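The values are calculated or read from the model by the stated rules, or taken from the named source; none is laboratory data. It should be emphasised that the depicted structure is a prediction, and the values quoted were computed from it without experimental measurement. Glycine also receives a Cβ, built like all others from the backbone with ideal geometry; neighbour counts cover every protein chain displayed. Note: accessible area is taken over every heavy atom of the protein model, side chains too, but ligands, DNA and RNA are not part of it. Shrake-Rupley method; radii C 1.70, N 1.55, O 1.52, S 1.80 Å.
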Amino acid sequence: MRKLSWLLTPFMVLALGMGGTALARDFIIGVESIAETLDPHDSMAGQGFDYRGHVYDSIVWLDGTGNPQPGLVTEWKAVDPNTWELTVRPDVKFHNGSPLTADDIAFSLWRTCNVPGTDNPMAIVGNLVSERIVVSPTKLILKTAAPQPILMRYLGIVPVVSRAVGEKHMQVNDYNTGVASIGTGPYKLKEFVTGQRIVLERNDDYWGKKPAWETVTLLNIEKPESRVSALLAGDVDLINNVPAEQLASLDNNSDVRVWRAKSSLFRFLIMDQFTDSPSDMTDNDGKPMTRNPFKDQRVRRAISLAINREALIETALEGLGIPAGQLLDEGFSGVDPTLKPDAYDPKEARRLLAEAGYPDGFRVVLHGSSGHYYNAPQVVETIGQMLARVGIKTSIEIHPRAEYSRAGRRFEYSFALFGWGVYVGETSETIMALLMTNDPETGTGFANRGRYSNPAVDQAAREALAEFDPVKRDKLLARTVRIAMEDYGVMPLYFGMGVWASRADVNFDARADSRTLAILAAPADAGR
Amino acid sequence: MFAFFVRRLGQAILALFCTSILIFLAVYAIGDPAEVLIDPQATDAQVAHLRAVLGLDRPLWQQYLLFLERAMHGSLGLSYFYKVDALDLILQRMPATIELALTASLLALLIGIPLGFIAGVRHDTMLGRSIMGFSIAGFSLPAFWVGLCLIKFFAADLHWLPSIGRGETRELFGIQWSILTLDGWAHIILPAITLSLAKLALIIRLTRAGVREAMLMDYIKFARAKGLPPRRILGVYVMKNILIPIITVFGLELARLLTGAMIVESVFAWPGMGKLLIDSMGVLDRPILVAFLLITVATFIIINFIVDMLYSVIDPRIRLGGGRND
Amino acid sequence: MTDSCPAPAPRQEESRFRRIAREYFESPLATIALVVFCIILLAALFAPWISPQNPYDPLEINFMDARLAPGSHASESDMTYWLGTDAQGRDMVSSILYGIRISLAVGVLSSFIAMLVGAALGLVSSYLGGFFDALLMRIVEIQISLPSALVALVFIALFGRGVDRLIIALVLVQWAYFARTVRASALSERNKEYVEAAACLAMPTWRVIFQYIFPNCLAPLLVIVTIQMSHAITLEASLSFLGLGLPVTEPSLGLLISNGFRHLMNGRYWISMYPGLALFVLVMAINLVADRLRDIFNPRLQR
């Protein structure tokens, strides 16, 4: 081949020159998982967001850390704590040519709670709004039952569909077949093969910045090593969730570029702080515990000090993580910048355990899941090793995802690895779900798997959640986080990281919300 | 002949009906798909809502009646996960599996029969023994590990062939086939080799056994004594003798490949039915599981039926005897 | 069996055993296979005493030694990782020894249970005949025609993971082969004169079955159980590879291979290659033994 190359070069240049311009406009993304259905209101999972970010615009545009920016709605203000006034962008057209009005936005909000045959995953947003009043085609008034200071952040995740089309074709399958898949977004749906690929073509009438690519294909390539080999072979232009094992070799490869971003994915341990005799804990002789060590803050702190977060990330995640000392990393809202991850200190951990009355530790089962969080089994095993070194004999149980979620919901695990991702770039939702007292009536603490309950946290959280002023709100949230973290309501471990890799001729905007969108990528020569 | 046909057909339909009930009960009695399908961050109210929407809160017999009613209208239910008709989804994935299974079977036949002949005719030579040794290795190599090694050498190290997926497809009779394109062949060759290994070993042993047996028969000895050329003896007389066992086994093995290729499909991310099944198991997508198992059982019943019919044509004694011997 | 000696005396049994042994060791390949298998078996039995570390004890594994290449030295002890370490810092030699132990245990246990279940059903079926026999043989036919991987997968997907359920699943896909074989040999024995003679002497049925018919089914059973053992080990490995086998904290060979899959592409071949090799050698040895036994007992017996 090399010998022949001088002969072939002129032809290849010619071929590239002819094909190049046309081919460069086709953009293929290899994704780990692809939207299961094309119903824009049928998923809160990353792959759902990634699909609808192409075909639909959401009510407002969110930047990488969840701050609302003008989108289909250009201006908004809270007239009173329960009333919001929204101004709709005037000259936006759906893919079928019909104009966008405030009524379509009202319909889209209604539909988040009315998707036939589903659990209405987006209802958490739709339920915030109690009344939708269409004043004029460009004016929409939303009423909320309770004050919702960050309503606009939530609205930023709701894709807008057309009422005319959506009322005629309500079913999820109508979106799969394409008859209902009419949005205002930068790309139009061209083809969908369930579980395999989504082909999109450019919307030439897009109201915003002109999309760089003529066609975009989202290709489902589940296996991480397969995504990498497809990228190296040039079969795809961009891949998401690059496996950590491959990062070093990709970093040194001049054909590709690696893009990293911190993410809002929070990984932590829950500790049962409710029951008096946790089921899977015993003393060193295998006898049931008479009291629950996790109820003692010193024990919780000892566990935190016994975990070497840097080494954990290095070993179990091959570097793909950031040590965590709170609910979200710096750069998001409601974060206390002075709150640092606990430094590794096994001596102090042993001292604290002895002080709490467990000089020789105890036995505990640490639960983890497979096929859920990235490398969770490895993380759990490594933590087990670390805890064993301060005397806490930890055995590991790994459960399949389904069993894990169910048991977690039923508080069956005393000690387990869980994760939480935020949609709104702020700690409020995390505090509400993970740290406030579990109360099925009000819905607070609905993901509080350790049933942690601290009146000081509840009080501070309530104050923070009702605050409209962004600066004050940020401070109040940070204060709540600090109280809960010093008490180890949950045990922060690390934040996940988003990693993408592209061909060398592609620029990609790696965002903290882990979105994989064609509009975040551009040909390298064109600049950004 | 006709009576035999009708009786066999009746048995087949009855068997299918009985297994359908069993399959439904087995799949629907266990687990809670709602927990799997729902977002881990969802609230309890959402889980309850989903359970009601999917009908999971109803007693099992009601769910079965609903299933039967839908089945009468030609639908085996909507996939919980993809929310499209389960049967459609499986049929959409079927061509990929069929072409993979056929390619693997052809490979096994085209390589296995000649090797088996050599091993049978020259059973005492080094060559014959090596072929037999190879066939035992073929049985012993776990398919997934072979797949991994092939990917490692031919895709990752040498970059000769793509590592995964199905190549470019072209339409024929309204169905997309990848064996009609060059790119498709590049993609299919590694999984097909992996899938064919065990079958290849089986064909070699069958052929060898058949050849050795035939060589001892009087009519072959007679043909040799008469001075017929060895090529004619092997190609016509011996071949005839081994064809029936090979057809029988091949039919069954083809069916097994169609429904049992999930491990190879999973290694090579081949978008066939097997991979769909594994994905569906992960999320307890009951309608797909039921539809897949029904299709599997139906395939076996149909293939058994066809083999019986072929048998009765080739060997009328079976028809008169009223059934195959075990 | 061709040699139908009426009521075989123990002495003749012994000479028969000798004859089999002599025939077996005539093949050098089969001899090597048997020796290899015995070595592996002993290594697995004595794994806790001969392996350099206990890969299940978190205190013995050092996560700082993760993913070391073969021949590396441990950072906190004077141990050498001859086959490298995995992503948790476990010594691969130890992991493989313990993995073989688990794979073998599951394979042997499930095959023997399947043999007991299948042989019992086959014997009863052959003796009762009639409707029960017809029904059982239909079930056997369906069971054998379905791909074993599919049956085991569906079973585990439905009933959940765990060693007990894994063994049940493996028994489920194996018993039919035993039932079919025992029934066939039993039927052919039943019509022989000595059985008829025993029946004439008004011996109880169970005695006829266990004293005369069953011993004559042993030879084919031995062949089948060896073959099934290798199948069970391979199948367990495949299930573990798909994440439906044994728990990750006590990995079998299949799970070790699966864990190493992700490292295959970036040069850390040892994490999945060596367990794969171990699995291959183990299964190949068993298959060679089975092949030889089949040749000795019945050259015409087919799969």
- Message: Given the condition out of contact with any strand residue (DSSP E or B) (no Cβ under 7 Å at 6 or more places or on another chain), on the phi < 0 side of the Ramachandran plot, open to solvent by less than 40 Å² (accessible area, probe 1.4 Å) and in contact (Cβ under 8 Å) with a residue 24 or more places away in the chain, answer yes or no: does some residue in region B:163-170 qualify?
- Response: yes
- Query: Given the structure, is C:Y98 aromatic (F, W, Y) and either exposed (fewer than 15 other Cβ atoms within 10 Å of the Cβ) or within 12 Å of chain A (Cβ to nearest Cβ) (or both)?
  - Reply: no
- Task: Scan region B:13-39 and report the pairs whose first residue is more than 7 Å from every other protein chain (Cβ to nearest Cβ) and whose second residue is of a type in the set (F, W, Y), with Cβ atoms within less than 7 Å and a gap of 6+ or a chain change.
- Result: B:F24/B:Y64; B:F24/B:F67; B:P33/B:Y80; B:L37/B:Y80; B:L37/B:F81
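Report yes if some residue within region C:296-303 is open to solvent by less than 30 Å² (accessible area, probe 1.4 Å) and of a type outside the set (A, V, I, L, M, F, W, C); otherwise report no. Explain how you work it out, then say what you get.
Narrowing region C:296-303 to residues open to solvent by less than 30 Å² (accessible area, probe 1.4 Å): C:296.
Narrowing further to those that are of a type outside the set (A, V, I, L, M, F, W, C): none.
No; the residues of region C:296-303 include none that is open to solvent by less than 30 Å² (accessible area, probe 1.4 Å) and of a type outside the set (A, V, I, L, M, F, W, C).
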- Task: Consider A:P359 carefully, then state whether it is open to solvent by 10 Å² or more (accessible area, probe 1.4 Å), out of contact with any strand residue (DSSP E or B) (no Cβ under 6 Å at 6 or more places or on another chain), away from every other protein chain (no Cβ under 14 Å) and over 19 Å from C:N62 (Cβ atoms).
- Result: yes
- Task: Go through region C:231-275 and give me each residue that's more than 7 Å from every other protein chain (Cβ to nearest Cβ), outside any loop (DSSP other than H, G, I, E, B) and under 20 Å from the mean Cα position of the chain (by Cα).
- Result: C:H231, C:A232, C:I233, C:L235, C:E236, C:L239, C:S240, C:L253, C:G254, C:L255, C:L256, C:P275
- Could you tell me which numbered condition A:E214 fails, if it satisfies all but one of (1) within 7 Å of another protein chain (Cβ to nearest Cβ); (2) open to solvent by 60 Å² or more (accessible area, probe 1.4 Å)? (1)
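Go through B:L161, B:L180, B:L234 for me and flag whichever is more than 14 Å from chain A (Cβ to nearest Cβ) and part of a loop (DSSP other than H, G, I, E, B). Please lay out each step first, then the result.
On the way: B:L161 fails: more than 14 Å from chain A (Cβ to nearest Cβ); B:L234 fails: part of a loop (DSSP other than H, G, I, E, B).
Being more than 14 Å from chain A (Cβ to nearest Cβ) and part of a loop (DSSP other than H, G, I, E, B) holds for just one of B:L161, B:L180, B:L234, which is B:L180.
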- If only one of C:V195, C:V182, C:V171, C:V154 is β-branched (V, I, T), facing another protein chain (nearest Cβ under 9 Å), part of a helix (DSSP H, G or I) and open to solvent by less than 30 Å² (accessible area, probe 1.4 Å), which one is it? C:V154
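Filtering region A:24-41 down to residues that are open to solvent by less than 20 Å² (accessible area, probe 1.4 Å) and out of contact with any Phe, Trp or Tyr (no Cβ under 8 Å at 6 or more places or on another chain), which residue is nearest to A:Y154 (Cα to Cα)? Before you say what the answer is, go through the steps one by one.
Looking only at region A:24-41, we keep the residues that are open to solvent by less than 20 Å² (accessible area, probe 1.4 Å), and these are A:27, A:29-31, A:34-35, A:37-41.
The next check asks that each one be out of contact with any Phe, Trp or Tyr (no Cβ under 8 Å at 6 or more places or on another chain); those that pass are A:29-31, A:41.
Numbers: A:I29: 27, A:G30: 28, A:V31: 25, A:H41: 14 Å.
Among those residues, the one meeting the criterion is A:H41.
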- Query: Restricting region C:276-303 to residues that are part of a helix (DSSP H, G or I) and facing chain B (nearest Cβ under 7 Å), which is modelled with the lowest pLDDT?
  - Reply: C:D291
- Cβ pairs under 9 Å, 6+ apart or interchain, first in region B:100-116 and under 13 Å from B:L202 (Cα atoms), second assigned to a helix (DSSP H, G or I) and among the aromatic types (F, W, Y), ordered by first then second residue, are B:S105/B:F250; B:A108/B:F250; B:L109/B:F250; B:L115/B:F134
- Message: Can you say whether C:Y274 is in contact with a Leu (Cβ under 7 Å, 6 or more places away or on another chain), of a type in the set (F, W, Y), open to solvent by 10 Å² or more (accessible area, probe 1.4 Å) and under 30 Å from C:G71 (Cα atoms), as far as the supplied structure shows?
- Response: yes
- Message: Condition first: modelled with pLDDT of 90 or more, closer than 30 Å to A:A261 by Cβ, away from chain B (no Cβ under 14 Å) and open to solvent by less than 40 Å² (accessible area, probe 1.4 Å). Can you find one or more residues in region A:396-419 that meet it?
- Response: no
- Please tell me if A:K340 is surrounded by fewer than 18 Cβ atoms within 10 Å (Cβ to Cβ), part of a loop (DSSP other than H, G, I, E, B) and not aliphatic (A, V, I, L, M). yes
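Condition check ((1) in a loop (DSSP other than H, G, I, E, B); (2) at pLDDT 90 or above) across all residues:
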{"position": "C:E14", "(1), (2)": "no, no"}
{"position": "C:Y24", "(1), (2)": "no, no"}
{"position": "C:A43", "(1), (2)": "no, yes"}
{"position": "C:Q53", "(1), (2)": "yes, no"}
- Across region B:145-158, which residue is modelled with the lowest pLDDT among those that are at the interface with another protein chain (Cβ under 7 Å from one of its Cβ atoms) and under 18 Å from A:I221 (Cα atoms)? B:A156
- Query: When only residues in region C:157-168 that are aliphatic (A, V, I, L, M) and within 22 Å of C:P251 (Cβ to Cβ) count, which is nearest to the other protein chains (Cβ to nearest Cβ)?
  - Reply: C:A157
- Item | Answer residue from region A:217-227, given it is within 22 Å of the chain's Cα centre (by Cα) and either at the interface with another protein chain (Cβ under 8 Å from one of its Cβ atoms) or part of a loop (DSSP other than H, G, I, E, B) (or both) and is surrounded by the most Cβ atoms within 10 Å (Cβ to Cβ) among those | A:I221
- State whether one or more residues within region B:92-107 are open to solvent by 50 Å² or more (accessible area, probe 1.4 Å) and touching a strand residue (DSSP E or B) at 6+ places or on another chain (Cβ under 7 Å). no
- Task: With respect to A:I392, determine if the residue is surrounded by 17 or more Cβ atoms within 10 Å (Cβ to Cβ), closer than 22 Å to A:P278 by Cβ, within 14 Å of chain C (Cβ to nearest Cβ) and within 28 Å of the chain's Cα centre (by Cα).
- Result: no
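Quick check: is even one residue across region C:122-138 of a type in the set (A, V, I, L, M, F, W, C), under 23 Å from C:I227 (Cα atoms) and more than 14 Å from every other protein chain (Cβ to nearest Cβ)?
Of region C:122-138, the ones of a type in the set (A, V, I, L, M, F, W, C) are C:123-124, C:128, C:131-132, C:134-137.
Then keep just the ones that are under 23 Å from C:I227 (Cα atoms); that gives C:123, C:136-137.
Then keep just the ones that are more than 14 Å from every other protein chain (Cβ to nearest Cβ); that gives C:123.
Taking every residue of region C:122-138 in turn, at least one turns out to be of a type in the set (A, V, I, L, M, F, W, C), under 23 Å from C:I227 (Cα atoms) and more than 14 Å from every other protein chain (Cβ to nearest Cβ).
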- Query: Here are some conditions: (1) of a type outside the set (D, E); (2) within 27 Å of A:G46 (Cβ to Cβ); (3) more than 8 Å from every other protein chain (Cβ to nearest Cβ). B:L50 meets all but one. Which one does it not meet?
  - Reply: (3)
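What do you reckon, is C:S148 polar (S, T, N, Q) and at the interface with another protein chain (Cβ under 10 Å from one of its Cβ atoms)? Break it down into steps so the answer makes sense when it comes.
Values: polar (S, T, N, Q): yes; at the interface with another protein chain (Cβ under 10 Å from one of its Cβ atoms): yes.
Taking the combined requirement at face value, the residue satisfies it.
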- Task: Report, by residue number, each residue of region A:366-379 that is assigned to a strand (DSSP E or B) and open to solvent by 20 Å² or more (accessible area, probe 1.4 Å).
- Result: A:S370
- Can you name every residue in region B:38-53 that is open to solvent by less than 40 Å² (accessible area, probe 1.4 Å) and in a helix (DSSP H, G or I)? B:Q46, B:V47, B:L50
- Query: Of all residues in region B:42-95 being among the basic types (K, R) and without any contact (Cβ under 8 Å) to a residue 60 or more places away in the chain, which is nearest to B:F17 (Cα to Cα)?
  - Reply: B:R70
